[in-house]
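In what follows, a structure is listed as structure tokens, so that the remarks can point back to it.
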Amino acid sequence: MLIVPPSLTLWLLPLLMAQGAASSEGACGQPMISSRIVGGQDASEGAWPWQVSIMCGGQSVCGGSLINEQWVVTAAHCFTESQCDPYEVKLGAYKLMDISDNTVISSVKEVILNPAYQGYEGSSGDIALLQLDTPVTYSAYILPVCVPKSSVRFPAGTRCWVTGWGEVKSGEALQSPQILQELEVPLIDRDTCNNLFSINPPVDLEPDPVKPDMFCAGYPEGGKDACQGDSGGPLVCPCGNAWILAGVVSWGEGCAQPNFPGVYTSVACYADWIYEKIPTLTFVECGSDGTNKKRV
């Protein structure tokens, strides 16, 4: 991930929230660690407590997002490019190479790929659910992100954040100890993104590759983007006093190339499918004025 973020201010959240951290209903999308980053590459520890690493053979293969005590959202393509039994999920990590007292590693009980996924880069349905073997205990470093209702749409230009431990540019791994990276990116509507992709398209790229269940985020001039290893990780957008999981890192043409912003699976497009698999999950509706209106 190429990271050159501006200052980030997270909401100041009372540490008293820790008393209610065991409740997913009241805690989603609200980090208990508050911080301010100015011009740096690294996230603050605890700033994105839903970020997880999906592990295969002890190696991180993808990112993901904790959505309640026992479920993670990630990308379907993560499981066509690697095969493990079982996969593991690392939660509460900050320096990926270090296992701290805040880190929990859980085996995966079940992997559920969306049936629309066809097994190739750029396919619709690039989203998956992981059920952990046992529910995790929430802490300041392990908390769920809010999941949007199917009606939620964020307008183009909304400033959102993508996080992960992926490459800092194509072929260049994040240096040890692999501190979690963050990047602010504006959303780009589908039509605009397809027009950008058509300016100088690769020969193997189909017309209008950004499908209705996808959106883009990034910069037409390039230079800042998610990259290999960030796949499956969260793109979150602010809504009222919470962060909502708007997108899952899906695919792109290289990393940070001009006219090729990153492409994300829209989580709202798959809210009904997620509800079918996790009927106890709470979904959040974000009002057009950016306020967290209600949960349904």
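The values are calculated or read from the model by the stated rules, or taken from the named source; none is laboratory data. Here the structure is a predicted model, which means the values were calculated and not measured. All Cβ positions, glycine included, derive from the backbone under ideal geometry; neighbour counts span all protein chains shown. For accessibility, only protein heavy atoms count, side chains too; no ligands or nucleic acids. Shrake-Rupley method; radii C 1.70, N 1.55, O 1.52, S 1.80 Å.
So here's what we get for this one:
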| item | result |
| --- | --- |
| Criterion violated by A217 - all others in (1) small (G, A, S); (2) over 14 Å from the mean Cα position of the chain (by Cα); (3) at pLDDT 95 or above satisfied | (2) |
| Positions within segment 159-199 being surrounded by 15 or more Cβ atoms within 10 Å (Cβ to Cβ) and small (G, A, S), in sequence order | G164, G166 |
| Count - residues of segment 122-154 that are in a loop (DSSP other than H, G, I, E, B), of a type in the set (S, T, N, Q) and closer than 25 Å to S107 by Cβ | 2 |
| For N241: the one exception among (1) exposed (fewer than 15 other Cβ atoms within 10 Å of the Cβ); (2) among the polar types (S, T, N, Q); (3) out of contact with any strand residue (DSSP E or B) (no Cβ under 9 Å at 6 or more places or on another chain) | (3) |
| Segment 168-197: number of residues that are more than 20 Å from the chain's Cα centre (by Cα) and charged (D, E, K, R) | 2 |
| Residue in segment 79-94 that is acidic (D, E) and either in a loop (DSSP other than H, G, I, E, B) or crowded, with 22+ Cβ neighbours inside 10 Å (or both) present | yes |
| Close pairs from segment 176-195: first in contact (Cβ under 8 Å) with a residue 40 or more places away in the chain and assigned to a strand (DSSP E or B), partner surrounded by fewer than 19 Cβ atoms within 10 Å (Cβ to Cβ) and of a type in the set (S, T, Y), Cβ under 8 Å, at least 6 apart | V185/Y219; L187/T158 |
| Options G290, G232: the member that is at pLDDT below 95 and assigned to a loop (DSSP other than H, G, I, E, B) | G290 |
| Any hit, segment 121-138, residues being under 25 Å from E253 (Cβ atoms) and open to solvent by 30 Å² or more (accessible area, probe 1.4 Å) | yes |
| Of all residues in segment 244-266 being in a loop (DSSP other than H, G, I, E, B) and in contact with a helix residue (DSSP H, G or I) (Cβ under 8 Å, 6 or more places away or on another chain), the one that is surrounded by the most Cβ atoms within 10 Å (Cβ to Cβ) | P261 |
| Candidates I99, I105, filtered to the one that is free of Cβ contacts under 8 Å to residues at least 60 places away in the same chain, part of a strand (DSSP E or B) and open to solvent by 30 Å² or more (accessible area, probe 1.4 Å) | I105 |
| Lone unmet requirement of (1) under 27 Å from I112 (Cα atoms); (2) modelled with pLDDT under 95; (3) touching a strand residue (DSSP E or B) at 6+ places or on another chain (Cβ under 8 Å) for D225 | (1) |
| Test: residue in segment 20-40 that is modelled with pLDDT of 50 or more and farther than 26 Å from L281 by Cβ | yes |
| Residue list for segment 68-78, restricted to those being within 14 Å of S106 (Cβ to Cβ), open to solvent by less than 30 Å² (accessible area, probe 1.4 Å) and not aromatic (F, W, Y) | N68, V72, T74 |
| Residues satisfying the stated conditions in segment 64-109, i.e. basic (K, R), over 15 Å from the mean Cα position of the chain (by Cα) and at pLDDT 95 or above | K109 |
